[in-house]
């Protein structure tokens, strides 16, 4: 099984084809079913133990809404306090500008090797590729990210980047790329990565991280992790650069409490991850740590999502990945089929919003609207409502003009449904056609004659009407009862 | 227009139509355990949560008991090279710990010999500034002690924690640093370094320590 490196923007168009290919990959589907099931079970158990879970969600939702409504204020406050503590703050309108800032900082630091901790935001801007083209060595140090970097792939899950890979595949990959003996033991494979990455940490000139939260009143930011690689990335090199989306800011230090209860439980089912590091400036004289601390505040389409209260909700996302694990669509096709940096329900919402619905018009439809994502979201994002809103946007735009017939069919249907007599008439008419439909081959012939039916039946069964309608059965039953 | 001004003006433009604003939530965050008294209850929860997350707790009742347990761990785990932080409270422990080569934390690990000895250390020894009962967490303040690397690079982390410094929950720990000024780096540690990136199988000690021993000094207990 191979998942070639993907240029996300180029492949957004091919979602239906990607999805079909993934559905035929039984190994991938097996791995996904196992992994998403296990993580969601752990999440459920962790959440059950918190009596006030709904209260916590409500508080986080309100907190995010209040912050985003005055985002300019909190960002300015963050900037002022960060600068006061010796952090250098940069702003980037888009991905290109953010990449250019990191590249300039790397050049200023004379950095050859850069070590990175896991950051979806750096994936979003394509940072590694940009730096590599300029001749820097960029090394991913989170185990999952290291695996997919060696494989030349992209993450397929927000929290577990190599969720689609089996231990055998990883063993073979390490054997081929690192020249070590083939192994299928996660312990041994982890030890190999630890050994190799120690050398990289030791020689790195610059560490790059993301951030989970930025705190306005203190000018600090927090990084959560389990492995310790983010701590190494931000302790050993002389320069630390953090790329932070503008939506990550929260007002007060005390506001961390609610998110520290929600995020680890939702992401991995832990009551707390192994490490949280709160950065509030470069090292003091004579202490350990980087001499320079840089923060890059990234817009890249986020500000446009502030326009109304529904789309602002999408900016409240804390990237826990819980919606991926419960999504029946993600669970069947995995993250790569979406061909967007952010997969799953939240990806189907924010990718079209960040990159434009024309580009990502398939994604809002990659959902059954079952609502499981909304139920697990720790900050109460109404994902189905957002998906529906985006669907209507796609249909209004040029991308959906091919579905005129479907629209006409739904107009007829709504006409028939608008009164009991009309509905009865339609059913009787359909029932008259029943003997015709039951003849062998009739259905496929019908689909040929009526083109809209062909499109409809391409992925669905066409069911002829039943011999007796529900309404008739109901009437009979009532007559019998009385 | 600078990138800064343009980002801010885009944000203001989008929010310009807003006429009513959501209030920031006030008051304590739900889910904490602020009434965790007496202290025995608090220490019991700290101990339970620390061990649930894979750490080991040594509940000790005198300075001498701490020194003896440290010497015992040094012997049992065969630790002959230990990176230590610069906390002076560790000085008396070191005298009695046995035959150990001590590597003292330095502000720079860029010099090769310094780094090499740190990377080859069998364990790191430091104290911690706070403990959090709710989660079994240790809090390390980079202003007080040079323990960023000693607590991270070697495969074993030995920590001395004063029982009087164990607070009830995350809220209390954060409030502690609101009153005080925040250090450049505040690190929260809950159990050993871990990963589940390969088929979700738990492996400890991926980049940080695989063993975490907390020597809880509780003279009143």
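The values are calculated or read from the model by the stated rules, or taken from the named source; none is laboratory data. Remember, it's a predicted structure, so these values are computed and weren't measured experimentally. Reconstructed Cβ throughout: ideal geometry from the backbone, glycine too, with neighbour counts over all protein chains shown.
Structure data summary
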| read-out | value |
| --- | --- |
| Within segment A:245-257, considering residues that are in contact with a strand residue (DSSP E or B) (Cβ under 9 Å, 6 or more places away or on another chain) and part of a helix (DSSP H, G or I), the one surrounded by the most Cβ atoms within 10 Å (Cβ to Cβ) | A:246 |
| Flag for residue B:197 being at the interface with another protein chain (Cβ under 7 Å from one of its Cβ atoms) and either buried (at least 23 other Cβ atoms within 10 Å of the Cβ) or touching a strand residue (DSSP E or B) at 6+ places or on another chain (Cβ under 6 Å) (or both) | yes |
| Yes/no for residue B:220 being modelled with pLDDT of 95 or more and more than 7 Å from chain A (Cβ to nearest Cβ) | no |
| Per-region count, segment A:13-53, residues free of Cβ contacts under 8 Å to residues at least 24 places away in the same chain, out of contact with any helix residue (DSSP H, G or I) (no Cβ under 7 Å at 6 or more places or on another chain) and at the interface with chain B (Cβ under 9 Å from one of its Cβ atoms) | 4 |
| Answer residue from segment A:281-302, given it is facing chain B (nearest Cβ under 7 Å) and at pLDDT below 95 and is nearest to residue A:224 (Cα to Cα) among those | A:289 |
| Residues of segment B:200-213 classified as more than 7 Å from every other protein chain (Cβ to nearest Cβ) and surrounded by fewer than 24 Cβ atoms within 10 Å (Cβ to Cβ), total | 6 |
| Qualifying position, being over 29 Å from residue A:112 (Cβ atoms), in a helix (DSSP H, G or I) and touching a strand residue (DSSP E or B) at 6+ places or on another chain (Cβ under 8 Å), among A:197, A:260, A:232 | A:260 |
| Residues within segment A:121-180 that are farther than 26 Å from residue A:325 by Cβ, in contact with a helix residue (DSSP H, G or I) (Cβ under 6 Å, 6 or more places away or on another chain) and surrounded by fewer than 19 Cβ atoms within 10 Å (Cβ to Cβ), tallied | 3 |
| Among (1) more than 7 Å from every other protein chain (Cβ to nearest Cβ); (2) more than 26 Å from residue A:189 (Cβ to Cβ); (3) surrounded by fewer than 24 Cβ atoms within 10 Å (Cβ to Cβ) - the single one residue B:182 does not satisfy | (1) |
| Residues located in segment A:101-128, provided they are touching a strand residue (DSSP E or B) at 6+ places or on another chain (Cβ under 8 Å) and either without any contact (Cβ under 8 Å) to a residue 24 or more places away in the chain or part of a strand (DSSP E or B) (or both) | A:113, A:114, A:115, A:116, A:128 |
| Positions within segment B:130-154 being surrounded by 24 or more Cβ atoms within 10 Å (Cβ to Cβ), away from chain A (no Cβ under 11 Å) and more than 25 Å from residue B:80 (Cα to Cα), in sequence order | B:131, B:133 |
| Pairs where the first residue, in segment A:409-430, is at positive phi and the second is at pLDDT below 90, C-beta under 7 Å, 6+ apart | none |
| Boolean, residue B:170 is more than 20 Å from residue A:269 (Cα to Cα) and crowded, with 24+ Cβ neighbours inside 10 Å | no |
| Out of B:178, B:199, B:172, sole residue that is in a helix (DSSP H, G or I) and either within 30 Å of residue A:167 (Cβ to Cβ) or out of contact with any helix residue (DSSP H, G or I) (no Cβ under 9 Å at 6 or more places or on another chain) (or both) | B:172 |
| Exclusive hit being closer than 30 Å to residue A:33 by Cα and touching a helix residue (DSSP H, G or I) at 6+ places or on another chain (Cβ under 8 Å), set A:232, A:236, A:222, A:272 | A:272 |
| Residue, surrounded by the most Cβ atoms within 10 Å (Cβ to Cβ), within segment A:181-209, restricted to residues that are in contact (Cβ under 8 Å) with a residue 24 or more places away in the chain and at the interface with chain B (Cβ under 10 Å from one of its Cβ atoms) | A:193 |
| Lone unmet requirement of (1) over 21 Å from residue B:175 (Cβ atoms); (2) facing chain A (nearest Cβ under 9 Å) for residue B:24 | (1) |
| Any chance residue B:157 is within 24 Å of residue A:260 (Cβ to Cβ), within 12 Å of another protein chain (Cβ to nearest Cβ), at pLDDT 95 or above and not in a loop (DSSP other than H, G, I, E, B) | yes |
| One residue from A:253, A:278, A:236, A:243 being more than 26 Å from residue A:48 (Cβ to Cβ) and modelled with pLDDT under 95 | A:236 |
| In segment A:67-85, the residues that are in contact with a strand residue (DSSP E or B) (Cβ under 7 Å, 6 or more places away or on another chain), under 22 Å from residue B:184 (Cβ atoms) and at the interface with another protein chain (Cβ under 9 Å from one of its Cβ atoms) | A:75, A:79 |
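Condition check ((1) farther than 30 Å from residue A:307 by Cα; (2) surrounded by 14 or more Cβ atoms within 10 Å (Cβ to Cβ)) across all residues:
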| site | (1), (2) |
| --- | --- |
| A:29 | yes, yes |
| A:33 | yes, no |
| A:39 | yes, yes |
| A:42 | yes, yes |
| A:64 | no, yes |
| A:75 | no, yes |
| A:90 | no, yes |
| A:104 | yes, no |
| A:111 | yes, yes |
